[in-house]
1. Tell me, which residue of segment 198-229 that is of a type in the set (Lys, Arg) and under 15 Å from LEU243 (Cβ atoms) is nearest to the chain's Cα centre (by Cα)?
2. Going through segment 326-345 one residue at a time, which ones are over 23 Å from GLN87 (Cβ atoms), of a type outside the set (A, V, I, L, M) and not in a loop (DSSP other than H, G, I, E, B)?
3. Only one of these conditions is not met by SER219: (1) hydroxyl-bearing (Ser, Thr, Tyr); (2) touching a strand residue (DSSP E or B) at 6+ places or on another chain (Cβ under 6 Å); (3) closer than 30 Å to LEU426 by Cβ. Which number is it?
4. Can you tell me which residue is surrounded by the most Cβ atoms within 10 Å (Cβ to Cβ) among those in segment 166-194 that are closer than 23 Å to GLN76 by Cα and away from ligand 1 (no atom under 16 Å from the Cβ)?
5. Assess whether ARG332 counts as being at pLDDT 80 or above, surrounded by 14 or more Cβ atoms within 10 Å (Cβ to Cβ) and in contact with a Phe, Trp or Tyr (Cβ under 9 Å, 6 or more places away or on another chain).
6. For segment 40-49, enumerate the residues that are more than 16 Å from SER14 (Cα to Cα) and out of contact with any His (no Cβ under 9 Å at 6 or more places or on another chain).
7. It is to be established whether one or more residues within segment 35-54 are modelled with pLDDT under 95 and of a type in the set (Val, Ile, Thr).
8. If ILE91 satisfies all but one of (1) assigned to a strand (DSSP E or B); (2) more than 16 Å from ligand 2 (Cβ to nearest atom), what's the number of the condition it fails?
Amino acid sequence: MSVPVLETRSLAKSYGGVPALKDGSLAIARGEVHALMGENGAGKSTLIRILAGATTADRGSISIEGVPVSIDNPTQSRRLGLRFIHQELSIIPELSVAENLFLGRPYPRRMGFFADWRELNRRAFSALDALDIGHIDPNQKIARLSLGDQMLVKIAAAFLDEDGEAARIYVMDEPTAALTSEESERLFKVIAGLTERGRSVIYVSHRMDEVMRIAKRVSVLRDGETVATRIIADISKAEMIELMTGRRIADAYPRRHASAVNTSALRLAAASSPSVCEVTFDLQAGEILGLTGLSGAGQSEILRLVVGADKWLGGTIELDGRELKAGTPAERWADGIAYVPRERRREGLLPRASISDNTVLAHLRKLSRAGILCSRRKELQCSAEIASRVKLKSTGGRQPVFQLSGGNQQKVVLARAILGGPRVLLLDEPTRGVDVGAKFDIHTLVRELAANGVAVLLASSDLSELIGMADRILVMREGRQVAIVPTAGLTQSKLLALSFGEPA
Ligand SMILES: Nc1ncnc2c1ncn2[C@@H]1O[C@H](COP(=O)(O)OP(=O)(O)OP(=O)(O)O)[C@@H](O)[C@H]1O
Ligand SMILES: [Mg+2]
């Protein structure tokens, strides 16, 4: 191999004596998509934060085109030609799309002083247009966009090259985790265009099929150490999983238990909200009903309607045969409807609070006897139990949630949802950003809950997950329900055709 564009040798980083990265060694060739894989907490984002100058390494070295460099801050990283799309979406909701695009960058100015808004919007538009996302209005507040569109804006921001500094390497930390399949396709096209122009991409993803398709080589991190770098064409999925986990895991879905008992747990009849129109289904106890559709078709909004997060405009909702009245998410929670939201940082977690507070606090009333607050010890014990059920990787219940890796934060949200022993479990992209091993564990857990009579609504953009897990799938299109199909014999392409409204 000729001189790598970027090489890291034995990068290491500890937090409070606990190693997050022990030996991060990578060599990225010009024009390649290089995947970086590893279990949740393996150290991928830590390595990336070092490259971004967001944190500094305790040990190790970095060179660019064979020249040793030091990266002490984000400006240096940018000067060296590195561009980032980080795992957690950092946007300022009150600002417009254009302003968010230029966050942390010099705004275009008039007479050296006034921000030139017209120029700002013009550049924003051309940046969006270049990514084929011209449907997003740069003037609009970013908070009004779908999560997928917000992500695409952040991706566009990484491509702005206003100061003429040539980008060499784009580093993407799970860019497709919040995207639907059609949005991902758009991104893959952009990536192909980049590599054609000799740029390199470091691509972090837990989606094996995606990595197999777009990457040329893969490096695997395990417990903070680079354990292998392989050419994708020469490695099988099973080998890759074994490299990541050190064990053999079937890349499959847990076996179905006996089918649902015949008692209705959740029944919607012509239920409507501002985003969904007249949704009707009857979910049995022990049944898993999948929800799918293109981005923004209303699948997440069905969950939001049921949980009382969106306005309920009409129709009826019955829980265990009892008609529900309009209520808040807290009241629904008390009714036994648990919810795992899609955007964990915004709707799901208190990042500064501990794991134990994030999981157990929501249920304190159940734990406490006669209204007396339960003891700290009991709270920790309870959070430890639930943490082990979702196989959370942490230093203990007192650890603040922001310190956890992305996938482990997702597990905290799930832990909280199942802790109360819900009747109905609403899951929105529950395995987004979760590694293969943990994904299998979560799927197994959901199956067990269903086998014990919990009714599950599962919204997912991962079609294989839907087909592997659900008993039936409800397809949404533009806020309307277009079909409910049994999963037996269903293929991904048939499901996609239904979402698009094409004859299968
Ligand atoms: N600020 C911090 N303080 C303490 N520990 C941290 C901090 N940031 C990360 N860690 C720990 O470092 C380890 C590696 O985390 P990292 O975020 O790099 O994992 P990852 O490979 O990106 O995982 P994921 O796939 O879940 O995103 C984890 O155990 C995490 O808890
Ligand atoms: Mg990460």
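1. Filtering segment 198-229 for residues of a type in the set (Lys, Arg) gives 199, 207, 213, 216-217, 222.
The next check asks that each one be under 15 Å from LEU243 (Cβ atoms); those that pass are 217, 222.
Details: ARG217: 23, ARG222: 21 Å.
Here the residue is ARG222.
2. Taking segment 326-345 and keeping what is over 23 Å from GLN87 (Cβ atoms), we get 326-338.
From what is left, the residues that are of a type outside the set (A, V, I, L, M) are 327-329, 331-333, 335-336.
Scanning segment 326-345 gives PRO329, GLU331, ARG332, TRP333, ASP335.
3. (3)
4. TYR170
5. On the way: at pLDDT 80 or above: yes; surrounded by 14 or more Cβ atoms within 10 Å (Cβ to Cβ): yes; in contact with a Phe, Trp or Tyr (Cβ under 9 Å, 6 or more places away or on another chain): yes.
So ARG332 passes the test.
6. Taking segment 40-49 first, the residues more than 16 Å from SER14 (Cα to Cα) are 40.
Correct list: empty.
7. Looking through segment 35-54, none of the residues is modelled with pLDDT under 95 and of a type in the set (Val, Ile, Thr).
8. Only one criterion in (1) assigned to a strand (DSSP E or B); (2) more than 16 Å from ligand 2 (Cβ to nearest atom) is unmet by ILE91, namely (1).
The values are calculated or read from the model by the stated rules, or taken from the named source; none is laboratory data. In this text, all values refer to a predicted model and were calculated from it rather than measured experimentally. Every residue, glycine among them, receives a Cβ derived from its backbone with ideal geometry; neighbour counts consider all protein chains shown.
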